[in-house]
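J.: Structure provided below as structure tokens; questions to follow.
The values are calculated or read from the model by the stated rules, or taken from the named source; none is laboratory data. Computed from a prediction, not measured in an experiment: that's the story for all the values here. Cβ sites come from the backbone with ideal geometry, for glycine too, and all protein chains shown count toward neighbours.
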Amino acid sequence: MGECAFFLVSAQRRKTVDNLRIAFGSEKSAREIRNIARGVFRNLGENLFEMLNSSKFTSRNIDRYVRIKGLDIVEKALSQKRGFIVLSAHFGNWELLAGYFGLKKYPVNVLARPLRYEKYDKWVNDLRKGMGVNVIMRDESARTILRFLKDGQSIAILADQDISSLDGVFVDFFGRQAFTPSAPVILALATAVPIIPMFIVREKDGHTIYVEEPIELDITGNKDTDIKVNTQKWSKVIESYIRKYPSQWVWVHERWKTEPATKG
């Protein structure tokens with residue numbers, strides 16, 4: 001169905017191909033870019049069917065479908081009982097990434113924004129809750145987020161999109177300035193909790209979750225500089241995964257929508 005959508009939804013196909021050209025330029029041929037774009041739609045189709053079947057996943061059978069590397073990093077962060085930020089992206093099957101930990105009975109809290117269509121929003125959040133994932137809406141009080149961190153839990157943030165209504169800074173992303181949410185760094189600087197990058201990669205026989213070591217933040221005392229420098233740091237981590245698995249990111253999103261001049 002995803003591949004059918006690639007051929008049928010022409011506007012989204014063109015947008016995906018155009019974004020891939022911006023990112024990879026002369027690095028990849030037109031044929032390679034088209035194949036990657038087709039893979040993007042296929043991955044989204046597979047994501048949908050996996051989520052439709054999410055009720056079949058349990059704590060006992062999830063390991064047959066999802067493997068994890070770096071679980072010790074999560075265990076260490078939890079043992080310190082000061083909370084941490086999980087930084088990820090709309091990459092692979094990001095819903096299953098959170099669902100894996102929820103099914104394994106880890107405390108999972110994801111920061112989300114309401115979707116445009118109310119019925120679809122409710123459906124998605126019901127699926128999340130069914131896998132043991134707690135959803136925190138972005139318009140909720142900051143005290144809610146701080147309470148979870150104070151209790152030693154994690155807050156998961158997908159911060160890879162250009163959302164002009166959020167606070168952000170421009171950083172390099174695939175060689176071009178991209179408006180990027182600064183919330184992960186602002187929150188980490190304010191609470192002194194670590195930022196742990198985490199990604200789920202689709203493979204032929206399932207998925208593998210990769211947990212990276214916490215990002216070492218540069219702290220100079222200049223708030224604006226620290227936010228920009230450290231946002232650039234984690235943005236490069238996301239870019240490294242996208243470069244390695246380009247068909248698993250949502251290139252249909254207009255990542256370079258906001259121009260620096262419009263935010264001046």
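J.: May I ask you to list pairs of residues, at least six apart or on different chains, whose Cβ atoms are under 6 Å apart, with the first in segment 165-183 being among the small types (Gly, Ala, Ser) and the second being part of a loop (DSSP other than H, G, I, E, B)?
T.: Pairs that qualify, where the first residue is among the small types (Gly, Ala, Ser) and the partner is part of a loop (DSSP other than H, G, I, E, B), are 168/182; 178/255; 178/256; 182/167.
J.: Assess whether residue 38 counts as being at pLDDT 85 or above, buried (at least 16 other Cβ atoms within 10 Å of the Cβ) and either part of a helix (DSSP H, G or I) or of a type in the set (Phe, Trp, Tyr) (or both).
T.: For residue 38, the condition - at pLDDT 85 or above, buried (at least 16 other Cβ atoms within 10 Å of the Cβ) and either part of a helix (DSSP H, G or I) or of a type in the set (Phe, Trp, Tyr) (or both) - is met.
J.: Can you tell which of 100, 65 is surrounded by 15 or more Cβ atoms within 10 Å (Cβ to Cβ) and under 18 Å from residue 199 (Cβ atoms)?
T.: Criteria check complete, one pass: 100.
J.: Can you say whether residue 154 is crowded, with 16+ Cβ neighbours inside 10 Å and of a type in the set (Ser, Thr, Tyr), as far as the supplied structure shows?
T.: Working: crowded, with 16+ Cβ neighbours inside 10 Å: yes; of a type in the set (Ser, Thr, Tyr): yes.
For residue 154, the condition - crowded, with 16+ Cβ neighbours inside 10 Å and of a type in the set (Ser, Thr, Tyr) - is met.
J.: Of the residues that sit in segment 122-133 and are part of a helix (DSSP H, G or I) and either out of contact with any Ser or Thr (no Cβ under 8 Å at 6 or more places or on another chain) or of a type in the set (Val, Ile, Thr) (or both), which one is surrounded by the most Cβ atoms within 10 Å (Cβ to Cβ)?
T.: The residue in question is 128.
J.: Would you please name the residue that is surrounded by the most Cβ atoms within 10 Å (Cβ to Cβ), looking only at residues in segment 191-200 that are among the β-branched types (Val, Ile, Thr) and not in a helix (DSSP H, G or I)?
T.: 200
J.: Please tell me if residue 50 is under 24 Å from residue 111 (Cβ atoms), among the charged types (D, E, K, R) and in contact (Cβ under 8 Å) with a residue 24 or more places away in the chain. Step through it out loud before you land on a result.
T.: On the way: under 24 Å from residue 111 (Cβ atoms): yes; among the charged types (D, E, K, R): yes; in contact (Cβ under 8 Å) with a residue 24 or more places away in the chain: yes.
It is true that residue 50 is under 24 Å from residue 111 (Cβ atoms), among the charged types (D, E, K, R) and in contact (Cβ under 8 Å) with a residue 24 or more places away in the chain.
J.: Next up: Go through segment 82-107 and give me each residue that's within 21 Å of residue 63 (Cα to Cα) and in a loop (DSSP other than H, G, I, E, B).
T.: Hits for segment 82-107 are 92, 93, 104, 105, 106, 107.
J.: When you check residue 23 against the structure, is it surrounded by 17 or more Cβ atoms within 10 Å (Cβ to Cβ) and assigned to a helix (DSSP H, G or I), yes or no?
T.: Here the answer is yes, as residue 23 does meet what is asked.
J.: Working only within segment 113-155, note down all residues that are touching an Asp or Glu at 6+ places or on another chain (Cβ under 9 Å) and more than 14 Å from residue 54 (Cβ to Cβ). Steps first, answer last, please.
T.: We begin by selecting, within segment 113-155, every residue touching an Asp or Glu at 6+ places or on another chain (Cβ under 9 Å); these are 113-115, 124, 127-128, 131, 133.
Selection gives 113, 114, 115.
J.: List the pairs whose first member sits in segment 210-233 and is outside any helix (DSSP H, G or I), whose second member is basic (Lys, Arg), and whose Cβ atoms are under 7 Å apart, counting only residues at least 6 apart or on separate chains?
T.: Pairs that qualify, where the first residue is outside any helix (DSSP H, G or I) and the partner is basic (Lys, Arg), are 210/69; 211/69; 215/233.
J.: Specify the residue that is nearest to residue 71 (Cα to Cα); the eligible residues are those in segment 81-125 that are hydroxyl-bearing (Ser, Thr, Tyr) and free of Cβ contacts under 8 Å to residues at least 60 places away in the same chain.
T.: As a first pass, look at segment 81-125 and keep what is hydroxyl-bearing (Ser, Thr, Tyr): 88, 100, 106, 117, 120.
From the residues that got through so far, the ones that are free of Cβ contacts under 8 Å to residues at least 60 places away in the same chain too are 106, 117, 120.
On the way: 106: 12, 117: 35, 120: 32 Å.
By that ranking, first place goes to 106.
J.: Out of all the residues in segment 146-190, which are in a helix (DSSP H, G or I), closer than 16 Å to residue 87 by Cβ and aliphatic (A, V, I, L, M)?
T.: Here is the first cut: in segment 146-190, the residues in a helix (DSSP H, G or I) are 146-150, 183-190.
Applying the additional criterion that residues be closer than 16 Å to residue 87 by Cβ yields 148-149, 183-190.
Passing the criteria: 149, 183, 185, 186, 187, 188, 189, 190.
J.: Here's a follow-up. For residue 152, work out the one condition from (1) modelled with pLDDT under 95; (2) over 21 Å from residue 197 (Cβ atoms); (3) not aliphatic (A, V, I, L, M) it doesn't fulfil.
T.: Unmet for residue 152, out of (1) modelled with pLDDT under 95; (2) over 21 Å from residue 197 (Cβ atoms); (3) not aliphatic (A, V, I, L, M): (2).
J.: Another question about this same structure. Mind telling me which of the residues 228, 244, 236 ends up being under 14 Å from the mean Cα position of the chain (by Cα) and modelled with pLDDT of 95 or more?
T.: The match here is 236.
J.: Here's something else I'd like to know. Select from segment 200-217 the residues that are out of contact with any Lys or Arg (no Cβ under 9 Å at 6 or more places or on another chain), charged (D, E, K, R) and at pLDDT 95 or above and list them in ascending order.
T.: Selection gives 202, 212, 213.
J.: Just for segment 108-121: of the residues that are outside any helix (DSSP H, G or I) and surrounded by fewer than 16 Cβ atoms within 10 Å (Cβ to Cβ), which one is modelled with the highest pLDDT?
T.: Going through the qualifying residues, I end up with 113.
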